[in-house]
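**Q** One structure coming up, written as structure tokens, with questions to follow.
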Amino acid sequence: MGIINLSEQEESIKEIAGHRPIAAIPIAGRYRVIDFTLSNMVNGGITNVAIFTHGKTRSIMDHLGTGGFWDLDRKRGGLSILNPMINPQDVVQRRGDIESFKNHLDFLYMSREKYVLVSRSYMLANIDFNPAFKFHKKSGADITIIYKQMENSVRRYINCDTLNLDENDNVMGIGKNLGKRRHYDISLEMYIMKKDVLIDIIEEGIHRGDGDYLKQCLFNRIQDLNVNAYPYDGYLSCINNIDNFYLTNMELLGAEKSKQLFHDHGTIYTKIKDETSTLYSDTAHVTNSLISNGCIIEGTVENCVVGRGVKIKKGAIVRNSIIMQNAFIDETANLNYAILDKNVVISKKKMLFGHEGNPFVIRKNATI
Amino acid sequence: MRNRKKEMVAMILAGGQGSRLKELTIRNAKPAVPFGGKYRIIDFALSNCSNSGIDTVGILTQYQPLVLNTHVGIGSPWDLDRREGGVKILPPYMGMDGGRWFRGTANAIYENIHFIDAYDPEYVLLLSGDHIYKMDYSKMLEFHKEKDSQLTVSVIEVPWDECYRFGILNTDEEKRIVEFEEKPENAKSNLASMGIYIFNWKLLRQALIEDEADDKSSNDFGKNIIPKIIDGGRNVFAYVFEDYWKDVGTVQSLWDANMDLLKLDNGLNLYDKSWRIYSVNPMSPPHFVGSNAIIESSLVNEGCVIEGEVYNSVISPDVRVGKHAIIRDSVILPNAVIEDYAEVNRTIVMGNSVIKAGIKVGKKDGDILLYNDESKDTLSFE
């Protein structure tokens with residue numbers, strides 16, 4: 001079975017994660033961040049997937065529905081959305097996500113599967129889990145962590161977990177990436193273990209009271225459990241701050257990375273909407289861009305990722321930007337290095353320039 | 001006892017070949033022919049039903065139904081996967097007294113009287129599955145009820161010099177139908193039948209039974225049932241429809257209708273979110289436009305990779321247009337590949353076709369060509 005844990009660090013990306021979890025951030029035109037992990041699980045044969053939410057659930061629940069688009073609208077297993085339990089008697093809101101796991105232990109006990117893959121949503125990859133499963137079972141380890149060896153782009157994974165491995169790929173400890181070393185083993189925060197091991201980690205963690213987060217409870221057990229690691233070498237990106245969000249979208253304007261992410265091991269599924277074909281008028285000038293359906297493009301678009309239903313009027317110029325759904329960019333508006341959240345309206349003649357490396361973020365529903 | 005009664009049941013005639021669409025219908029029924037990039041022709045009738053509040057639709061199939069059946073499925077894309085009613089595919093079938101193919105449009109409905117009876121409707125809406133239009137049938141029903149009509153025929157004004165191509169209805173000032181003329185030389189009216197009818201079910205039911213018993217009848221709605229009802233002194237009215245409507249029965253008219261979509265303020269206006277046209281949508285990434293690509297006055301869909309030049313054309317999902325390739329005034333169906341330096345003019349390129357590097361297809365003026373890559377299975381139904 002699969003578990004996607006949505007309690008993620010959102011401080012550095014709050015411009016677009018203020019009112020939605022990272023998992024629900026629109027990305028690559030028509031997707032949301034969670035689509036990648038969810039699709040990877042389904043493509044790996046997992047048919048019982050639980051999403052442990054952590055608040056701000058409206059958009060993610062609206063997006064996931066009953067899981068039908070990921071083939072998870074099933075009688076046996078399928079998609080479950082498990083929200084934190086809020087007792088009216090509780091005056092203090094507890095920190096962390098371990099409470100939520102404890103409150104949903106029933107779900108874990110009742111699931112039929114023997115193994116569980118616990119993941120986050122913010123690590124984007126197109127990964128075939130089957131070799132990792134085989135490796136885990138064969139090695140007899142208690143927990144297998146999927147990781148990627150990084151040589152160069154370590155600054156993109158600042159604050160991500162790093163693994164200290166011995167020669168046999170056993171995990172001796174877990175640290176954090178400060179961005180100061182050339183070579184790191186970055187954890188994808190994807191853990192394969194027996195369901196019973198997970199239940200034990202949760203229960204022991206609550207019993208000891210030494211962890212507010214599942215991750216902490218897991219780390220506290222590294223010494224007494226047999227934990228190894230499995231290497232992954234395909235496309236990876238993490239959506240934990242605005243810069244990474246911007247870079248990931250822009251990277252997809254290249255055929256190679258785009259092919260790796262969208263096509264390597266399986267299709268990436270997402271919620272399907274009945275959008276019309278995108279119409280280019282006779283004044284449209286579009287180059288090097290990813291354009292979703294439902295748009296009407298009359299202006300100039302260069303190096304952009306454009307979401308669904310966006311209207312760009314004649315004479316508007318949009319460059320190096322990410323435009324989310326239903327934005328309206330009026331005539332002669334001029335945007336460069338901008339990130340527009342959903343439903344933004346940019347009126348005539350408005351100019352908004354961010355900088356390379358420092359894009360200008362405009363919040364949802366704003367009218368400029 | 002569950003109440004299955006419906007006010008109006010729709011029946012869509014989707015059994016014809018549409019032979020004037022040539023290779024597009026060799027192994028595909030006309031209503032399942034791709035249109036407008038991401039649709040199939042029947043999406044319009046189905047979406048209209050759903051948006052009009054009609055939740056029970058029978059689709060009569062006969063000719064090459066595989067693509068159509070796969071596309072329609074259980075009707076979920078059009079909100080027609082319902083507990084009671086919903087969409088039902090109705091093929092010819094074997095019974096205790098043997099089996100037979102449908103002999104005509106009226107015969108097809110006759111063989112499915114039991115289907116309609118199950119819902120005990122007051123009215124039956126008869127549609128064809130091969131027109132492109134948006135219409136609220138509930139308004140037509142309101143008109144039908146107001147006029148106390150027993151048969152209402154939806155009509156559209158056509159240019160006077162085109163009347164000879166249509167079934168023309170002559171009406172009085174109250175829109176009562178006084179005469180029906182099939183393809184008249186000297187038309188007395190320019191109101192053409194759109195092939196959309198609302199019948200009182202009791203009347204239609206009786207007419208079908210009588211028609212079936214008539215050996216000399218060709219069991220066709222247009223030739224037999226309709227004229228008989230009109231001549232029979234019943235309350236028959238014409239409902240004038242004034243919006244965009246196109247019968248895409250020929251390669252030329254299919255191309256024309258596709259081209260109509262390229263104008264920003266075209267008559268069909270698919271951008272009206274209050275009347276969406278639903279379809280089976282592809283699960284593909286957004287389309288990618290390359291650094292040297294040029295796209296003007298065109299429609300493009302998901303999954304495409306456009307690296308060449310596209311002018312005045314409709315590009316369906318998952319099409320690849322190579323570098324320096326040029327596409328003009330054409331319709332490219334799903335999954336086709338136009339390789340580098342190839343050129344396509346005024347052509348409908350069938351799905352999955354590959355136009356190899358440097359090859360030129362079609363001419364800049366002249367008739368619309370239908371390009372069928374014989375080496376490929378151009379029928380994609382999954």
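The values are calculated or read from the model by the stated rules, or taken from the named source; none is laboratory data. On a predicted model such as this, the values are computed, not experimentally measured, just so you know. Heads up, the Cβs are rebuilt from the backbone with ideal geometry, glycines too, and the neighbour counts pull from every protein chain shown. Heavy atoms of the whole protein, side chains included, go into the accessibility calculation; ligands, DNA and RNA do not. Shrake-Rupley method; radii C 1.70, N 1.55, O 1.52, S 1.80 Å.
**Q** How many residues does segment B:17-46 hold that are in contact with a strand residue (DSSP E or B) (Cβ under 8 Å, 6 or more places away or on another chain) and assigned to a loop (DSSP other than H, G, I, E, B)?
**A** Number of matching residues: 4.
**Q** Here's a follow-up. Would you pick out the residues in segment B:318-371 that are closer than 20 Å to residue B:24 by Cβ, open to solvent by 60 Å² or more (accessible area, probe 1.4 Å) and of a type in the set (A, V, I, L, M, F, W, C)?
**A** B:369
**Q** Select, from A:141, A:132, the only residue that is within 20 Å of residue A:265 (Cα to Cα) and either free of Cβ contacts under 8 Å to residues at least 40 places away in the same chain or of a type in the set (Gly, Ala, Ser) (or both). Break it down stepwise before answering.
**A** Details: A:141 fails: within 20 Å of residue A:265 (Cα to Cα).
Answer to the check: A:132.
**Q** Continuing with the same structure: What number of residues within segment A:177-205 are touching a residue at least 60 places away in the same chain (Cβ under 8 Å) and either open to solvent by less than 60 Å² (accessible area, probe 1.4 Å) or not in a helix (DSSP H, G or I) (or both)?
**A** Total meeting the criteria: 12.
**Q** Of all residues in segment B:225-245, how many are open to solvent by 20 Å² or more (accessible area, probe 1.4 Å) and closer than 27 Å to residue B:132 by Cβ?
**A** First pass over segment B:225-245, keeping only residues open to solvent by 20 Å² or more (accessible area, probe 1.4 Å): B:227-228, B:231-235, B:239-240, B:242-245.
Subset that is closer than 27 Å to residue B:132 by Cβ: B:227, B:239-240, B:242-245.
Matching residues across segment B:225-245 total 7.
**Q** If you go through segment A:299-311 one residue at a time, how many are open to solvent by 10 Å² or more (accessible area, probe 1.4 Å) and either at the interface with another protein chain (Cβ under 8 Å from one of its Cβ atoms) or hydroxyl-bearing (Ser, Thr, Tyr) (or both)?
**A** 1
**Q** Could you list, in sequence order, the residues of segment B:67-94 that are β-branched (Val, Ile, Thr) and within 14 Å of chain A (Cβ to nearest Cβ)?
**A** Restricting attention to segment B:67-94, the residues satisfying the condition of being β-branched (Val, Ile, Thr) are B:67, B:70, B:72, B:74, B:87, B:89.
Answer for segment B:67-94, where residues must be β-branched (Val, Ile, Thr) and within 14 Å of chain A (Cβ to nearest Cβ): just B:74.
**Q** Does residue A:256 satisfy being of a type in the set (D, E, K, R), within 13 Å of chain B (Cβ to nearest Cβ) and not in a strand (DSSP E or B)? Reasoning before the result, please.
**A** Details: of a type in the set (D, E, K, R): yes; within 13 Å of chain B (Cβ to nearest Cβ): yes; not in a strand (DSSP E or B): yes.
Considered against the rule, which asks whether it is of a type in the set (D, E, K, R), within 13 Å of chain B (Cβ to nearest Cβ) and not in a strand (DSSP E or B), residue A:256 comes out as yes.
**Q** When the residues of segment B:24-50 are narrowed to those that are within 16 Å of residue B:256 (Cα to Cα) and within 13 Å of another protein chain (Cβ to nearest Cβ), which ends up surrounded by the most Cβ atoms within 10 Å (Cβ to Cβ)?
**A** By that ranking, first place goes to B:37.
**Q** Please list, ordered by first then second residue, the pairs with beta carbon atoms under 7 Å, 6 or more apart or interchain, first in segment A:98-123 and within 21 Å of residue A:210 (Cβ to Cβ), second among the small types (Gly, Ala, Ser) and not in a helix (DSSP H, G or I).
**A** Hits for this filter: A:98/A:211.
**Q** Looking only at segment A:328-363, how many residues end up being part of a loop (DSSP other than H, G, I, E, B) and either surrounded by fewer than 19 Cβ atoms within 10 Å (Cβ to Cβ) or of a type in the set (S, T, N, Q) (or both)? Even if it seems obvious, please write down each step before you answer.
**A** Taking segment A:328-363 as the starting set, the residues that turn out to be part of a loop (DSSP other than H, G, I, E, B) are A:330-333, A:337, A:341-344, A:347-350, A:354, A:356-357, A:359, A:363.
If we keep only those that are either surrounded by fewer than 19 Cβ atoms within 10 Å (Cβ to Cβ) or of a type in the set (S, T, N, Q) (or both) as well, we get A:331-332, A:343, A:347-350, A:354, A:356-357, A:363.
Of the residues in that region, 11 qualify.
**Q** Is it fair to say residue B:281 is more than 16 Å from the chain's Cα centre (by Cα), assigned to a loop (DSSP other than H, G, I, E, B) and either away from chain A (no Cβ under 11 Å) or surrounded by 15 or more Cβ atoms within 10 Å (Cβ to Cβ) (or both)?
**A** Working: more than 16 Å from the chain's Cα centre (by Cα): yes; assigned to a loop (DSSP other than H, G, I, E, B): yes; either away from chain A (no Cβ under 11 Å) or surrounded by 15 or more Cβ atoms within 10 Å (Cβ to Cβ) (or both): yes.
Here the answer is yes, as residue B:281 does meet what is asked.
**Q** Within segment A:217-230, restricting attention to residues that are within 27 Å of residue A:33 (Cβ to Cβ) and touching a residue at least 60 places away in the same chain (Cβ under 8 Å), which residue is surrounded by the fewest Cβ atoms within 10 Å (Cβ to Cβ)?
**A** Out of the qualifying residues, it is A:230.
**Q** Scan segment B:357-380 and give yes if some residue there is closer than 21 Å to residue B:290 by Cα and touching a residue at least 24 places away in the same chain (Cβ under 8 Å), otherwise no.
**A** Yes.
One line per residue, one yes/no per condition, for (1) open to solvent by less than 10 Å² (accessible area, probe 1.4 Å); (2) away from every other protein chain (no Cβ under 14 Å); (3) of a type in the set (D, E, K, R):
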residue	(1), (2), (3)
A:240	no, yes, no
A:245	yes, yes, no
A:251	no, no, yes
A:266	no, no, no
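**Q** Which is open to solvent by 30 Å² or more (accessible area, probe 1.4 Å) and under 24 Å from residue A:232 (Cβ atoms), of A:5, A:48, A:43?
**A** Numbers: A:5 fails: open to solvent by 30 Å² or more (accessible area, probe 1.4 Å); A:48 fails: open to solvent by 30 Å² or more (accessible area, probe 1.4 Å).
None of the others qualify; the one that does is A:43.
**Q** Separate question: Would you check if there is a residue in segment A:272-280 being charged (D, E, K, R) and over 15 Å from residue B:285 (Cα atoms)? Steps first, answer last, please.
**A** Here is the first cut: in segment A:272-280, the residues charged (D, E, K, R) are A:273-275.
Retained after the next criterion (residues that are over 15 Å from residue B:285 (Cα atoms)): none.
Checking segment A:272-280: not a single residue is charged (D, E, K, R) and over 15 Å from residue B:285 (Cα atoms).
**Q** Taking the condition of being open to solvent by 10 Å² or more (accessible area, probe 1.4 Å), in a loop (DSSP other than H, G, I, E, B) and within 7 Å of chain A (Cβ to nearest Cβ), how many residues in segment B:293-311 meet it?
**A** Initially, segment B:293-311 is screened for residues open to solvent by 10 Å² or more (accessible area, probe 1.4 Å), giving B:294, B:296-297, B:302-303, B:305, B:307, B:309, B:311.
Next, only the ones that are in a loop (DSSP other than H, G, I, E, B) stay: B:297, B:302-303, B:307.
When the remaining residues are screened for being within 7 Å of chain A (Cβ to nearest Cβ), the result is B:297, B:302.
Of the residues in that region, 2 qualify.
**Q** Consider residue A:314 carefully, then state whether it is farther than 19 Å from residue B:38 by Cβ, assigned to a loop (DSSP other than H, G, I, E, B) and more than 8 Å from chain B (Cβ to nearest Cβ).
**A** On the way: farther than 19 Å from residue B:38 by Cβ: yes; assigned to a loop (DSSP other than H, G, I, E, B): yes; more than 8 Å from chain B (Cβ to nearest Cβ): yes.
It is true that residue A:314 is farther than 19 Å from residue B:38 by Cβ, assigned to a loop (DSSP other than H, G, I, E, B) and more than 8 Å from chain B (Cβ to nearest Cβ).
**Q** May I pose another question? Which of the residues belonging to segment B:89-114 are under 27 Å from residue B:239 (Cα atoms) and in contact with a strand residue (DSSP E or B) (Cβ under 7 Å, 6 or more places away or on another chain)?
**A** B:105, B:108, B:109, B:112
**Q** Residue under question is residue A:233, and the condition is that it be open to solvent by 20 Å² or more (accessible area, probe 1.4 Å) and either touching a Ser or Thr at 6+ places or on another chain (Cβ under 9 Å) or in a helix (DSSP H, G or I) (or both); does it hold?
**A** Numbers: open to solvent by 20 Å² or more (accessible area, probe 1.4 Å): yes; either touching a Ser or Thr at 6+ places or on another chain (Cβ under 9 Å) or in a helix (DSSP H, G or I) (or both): no.
When the stated conditions are applied, residue A:233 does not pass them.
**Q** Considering only segment A:276-295, state which residues are surrounded by fewer than 23 Cβ atoms within 10 Å (Cβ to Cβ) and more than 7 Å from chain B (Cβ to nearest Cβ).
**A** Hits for segment A:276-295 are A:283, A:285.
**Q** State yes or no: is residue A:172 assigned to a strand (DSSP E or B) and open to solvent by 60 Å² or more (accessible area, probe 1.4 Å)?
**A** On the way: assigned to a strand (DSSP E or B): yes; open to solvent by 60 Å² or more (accessible area, probe 1.4 Å): yes.
So residue A:172 fits the description; yes.
**Q** The conditions are (1) in a loop (DSSP other than H, G, I, E, B); (2) more than 9 Å from chain A (Cβ to nearest Cβ), and residue B:239 fails exactly one of them. Which is it?
**A** (1)
**Q** Go over the candidates B:258, B:266 one by one and state the one that is closer than 20 Å to residue B:43 by Cβ, part of a helix (DSSP H, G or I) and more than 7 Å from chain A (Cβ to nearest Cβ).
**A** Numbers: B:266 fails: part of a helix (DSSP H, G or I).
The unique qualifying residue is B:258.
**Q** I've got another one for you. Within segment B:77-91, is even one residue open to solvent by 40 Å² or more (accessible area, probe 1.4 Å), at pLDDT 90 or above and among the β-branched types (Val, Ile, Thr)?
**A** yes
**Q** Name the residue that is least open to solvent (accessible area, probe 1.4 Å), counting only residues in segment B:184-224 that are assigned to a helix (DSSP H, G or I) and acidic (Asp, Glu).
**A** By that ranking, first place goes to B:211.
**Q** When the residues of segment B:182-231 are narrowed to those that are among the hydroxyl-bearing types (Ser, Thr, Tyr) and under 29 Å from residue B:119 (Cβ atoms), which ends up farthest from the chain's Cα centre (by Cα)?
**A** First, pick out the residues of segment B:182-231 that are among the hydroxyl-bearing types (Ser, Thr, Tyr): B:189, B:193, B:197, B:217-218.
Still in the list and also under 29 Å from residue B:119 (Cβ atoms): B:193, B:197, B:217-218.
Numbers: B:193: 15, B:197: 15, B:217: 26, B:218: 23 Å.
It comes out as B:217.
**Q** Next question, about the same structure. Please list, ordered by first then second residue, the pairs with beta carbon atoms under 9 Å, 6 or more apart or interchain, first in segment A:54-75 and within 14 Å of another protein chain (Cβ to nearest Cβ) and of a type in the set (Asp, Glu), second part of a helix (DSSP H, G or I) and surrounded by 14 or more Cβ atoms within 10 Å (Cβ to Cβ).
**A** From residues that are within 14 Å of another protein chain (Cβ to nearest Cβ) and of a type in the set (Asp, Glu), the pairs are A:71/A:42.
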